[in-house]
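Any read-out appearing in this document is the output of simple, stated calculations on the displayed coordinates, not a laboratory observation. Since the structure is predicted, the reported quantities are computational estimates derived from the model, not experimental observations.
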């Protein structure tokens with residue numbers, strides 16, 4: 001049996017976002033919504049890539065099983081994250097494919113490409 005691939009989701013703050021407590025609260029709310037939808041397991045992992053000196057210790061990255069990463073609830077949570085504060089983005093990584101974006105279409109495209117690679121023809 002093959003191992004289930006995972007998607008790494010990094011919640012990135014907006015450029016003008018200064019309140020790390022509000023950021024962490026919004027991450028907590030997004031994760032709550034994702035977990036309530038049945039997406040499990042969600043595991044916090046170390047964040048890679050420098051965002052900024054003042055945010056590096058705060059930024060949160062989570063590993064989510066790929067089969068659930070395309071669920072509509074997860075995409076709705078991503079949309080809510082992006083719309084909550086100006087300039088927010090998500091970094092999505094699957095295998096060798098990575099995108100940092102504020103556009104849901106880009107996230108869907110990356111997930112679609114990976115899904116197509118994993119599905120038998």
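Brief remarks on what is shown
- For the residues 108, 84, 54, a GNM of the chain with alpha-carbon springs under 10 Å puts the largest fluctuation on 54.
- The mean sequence distance of close C-alpha pairs (under 8 Å, at least 6 residues apart), as a share of the length of the chain, puts its relative contact order at 35 percent.
- In degrees, nearest ten, helix 104-118 long axis to first principal axis of the chain (Cα): 30 degrees
- Most mobile listed residue (79, 30, 22) in the chain, GNM with C-alpha springs under 10 Å: 22
- In segment 6-97, one over the average inverse separation of all distinct C-alpha pairs is 13.4 Å, which is the Kirkwood hydrodynamic radius.
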